[in-house]
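Coordinate-derived values only; no laboratory data. On a predicted model such as this, the values are computed, not experimentally measured, just so you know. Note that we place each Cβ from the backbone using ideal geometry, even for glycine, and neighbour counts take in every protein chain shown.
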Amino acid sequence: MTEKTFLYQSNGNKIDKGSISVQSPSNIALVKYWGKKPVQIPANSSISFTLKNCYTQTSVSFEKSKEFQINLSVEGEKNLDFLPKIEQFFKRIKDYSPYIFNYNLQIDTLNTFPHSSGIASSASGFSALAYAVVQLEKQISNISEKEAMTKASFLSRLGSGSACRSLFGPLAIWGKHDKLNKTSDLYAIEHHEIHDVFRDYQDTILLIDKGQKKVSSTVGHNLMTNHPFAKQRFIQAQENIISMIDILKSGNLDEFISKTEHEALTLHGMMMTSKPYFVLMKEGTLSSINKIWEFREETKLPLCFTLDAGANLHVLYPKRFTQEVLDFIRQELIVYCENQQYICDEVGKGAKVLNEYYD
Ligand code: PMV
């Protein structure tokens, strides 16, 4: 498929107004995407767990209008902060979803996770918005359900790269890989080959730094452009995807732990060695990592961590060890969390429509 595949074709149906409510989750990459080309084309493939409890709920109410206008409210309040990114998103999708410009839009959105938690809402936010836009397209074109999912992923990517993986669960792969059929740089695909142990894998997110991201994703990705180790990193990520796919199929937890932690530390290693350089971990991040390693050594429980481009730590483990791991987190790690906050999440299934009405 090429960009052209995603151009819109009307079926002649006309809709004057309506409203669409959807929800879409966040996701956590196991093999990370870090480095991109215009427009939102990843330098390497990535694979992620889709989450379940951390999601964005978005309703788009639309009414025919000569002028395209967006009103945005976040958690019930009018919001201007996110408007520039949302406007950029609509500009980027214009060729693919021109129908949306025939309406006045009221967008109401809320996240289930705390607003300033250091958890990026862009993945869940843009995937929810793109998913809602595509629901309207389903009414006015002959696009099939499967095509609509792929298009939603394609549009999400134009908002925020990693958002394109959020539509699908339990696993999503994004980025062209020579050894993986059907993979694309333009959208993510669902990946089903998963061992039972990972189907409900737990992700407890330690909110170590709830502040705004120190380095925006855009700045971070751009730092890879002249990074002396970038070329090797992109090759390594392509190899890691293949081993991660095997691990996720076989259920080999020792290998999962080692590959997942190595990927997380590599991501941070790239940031620590770029120009300018950044350390995004906090003291609490490092202390928690050391405690996790000690606890794993002592108990032999198969827990591990991963990181996004920030200080918060995602603690990953099989569901059957929830009690032991949560006891450990409460006793040993909670001191490193801002306001002692952490979020219990697990692997989930992706985006869904909550309700819709068209007139
Ligand atoms: O989607 P972006 O541009 O916010 O980039 C996300 C990058 C990481 O979260 C660090 C890794 C990933 O693959 O999700």
In a shell of Cβ-Cβ distance under 12 Å around residue 218, excluding residue 218 itself, what net charge do Lys and Arg (+1) and Asp and Glu (-1) give? +3
Averaging sequence separations of C-alpha pairs under 8 Å and six or more residues apart, then dividing by the length of the stretch 201-346, give the relative contact order as a whole percent. 46
Rg/Rg_globular for the stretch 136-288, with Rg_globular taken as 2.2 N^0.38 Å and Rg from C-alpha atoms: 1.18
Applying a 10 Å radius around every beta-carbon, put 271-281, 128-138 in order of their mean neighbour count, most first. 128-138, 271-281
Working from Cα positions, state the angle (0 to 90°, nearest 10) between the long axis of helix 230-250 and the longest principal axis of the chain. 80
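Could you list the square roots of 5 times each eigenvalue of the Cα gyration tensor of the chain, that is, the equivalent ellipsoid semi-axes, sorted largest first and rounded to whole Å?
Over the Cα atoms of the chain, the ellipsoid semi-axes are 34, 22, 20 Å.
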Using alpha-carbon pairs under 8 Å, 6+ residues apart, how would you state the relative contact order of the stretch 196-287 in percent? 39
What order do you get for 32, 300 when you list them from fewest to most C-beta neighbours inside 10 Å? 300, 32
Spin-label point model (7 Å from Cα, Cβ direction): what's the residue 341 to residue 294 distance in nm? 2.7
Calculate the tail of P(r) for the stretch 129-207: the fraction of all Cα-Cα distances greater than 14 Å, expressed in %. 65
What does the net charge come to around residue 128 if you take all other residues with beta carbon closer than 15 Å to its beta carbon, with K and R at +1 and D and E at -1? +4
Residue order, fewest to most surrounding Cβ atoms within 10 angstrom, among 304, 344: 344, 304
Close Lys-Lys pairs in the stretch 163-256, where close means Cα under 30 Å and separation is 8 or more or interchain: 11
For the stretch 201-346, what is the charge dipole size about the Cα centre, in debye to the nearest 20, if Lys and Arg each add +1 at the Cβ and Asp and Glu each add -1 at the Cβ? 500
Pairwise Cα inverse-distance average, inverted: Kirkwood Rh of the stretch 14-110 (Å): 15.6
Toward the positive end of the charge dipole of the stretch 201-346, about the Cα centre and with charges on Cβ (Lys, Arg +1; Asp, Glu -1), which of 289, 307, 221 goes farthest? 221
Of all DSSP beta bridges in the chain, antiparallel share, percent nearest 5: 90
So what is the diffusion coefficient of the stretch 201-346 in µm² per second by Stokes-Einstein at 37 °C and 0.692 mPa s, using a Kirkwood Rh over Cα pairs? 203
Only Lys, Arg (+1) and Asp, Glu (-1) charged, at Cβ; the chain dipole about Cα centre in debye: 1060
Restricting to Cα pairs under 8 Å and 6 or more apart, the percent relative contact order of the chain works out to 26
Can you sort 72, 303 by how many other beta carbons sit within 10 Å, fewest first? 72, 303
What lysines does residue 300 reach when the alpha-carbon gap must be under 20 Å and sequence neighbours fewer than 8 apart in one chain are set aside? 259, 291, 319
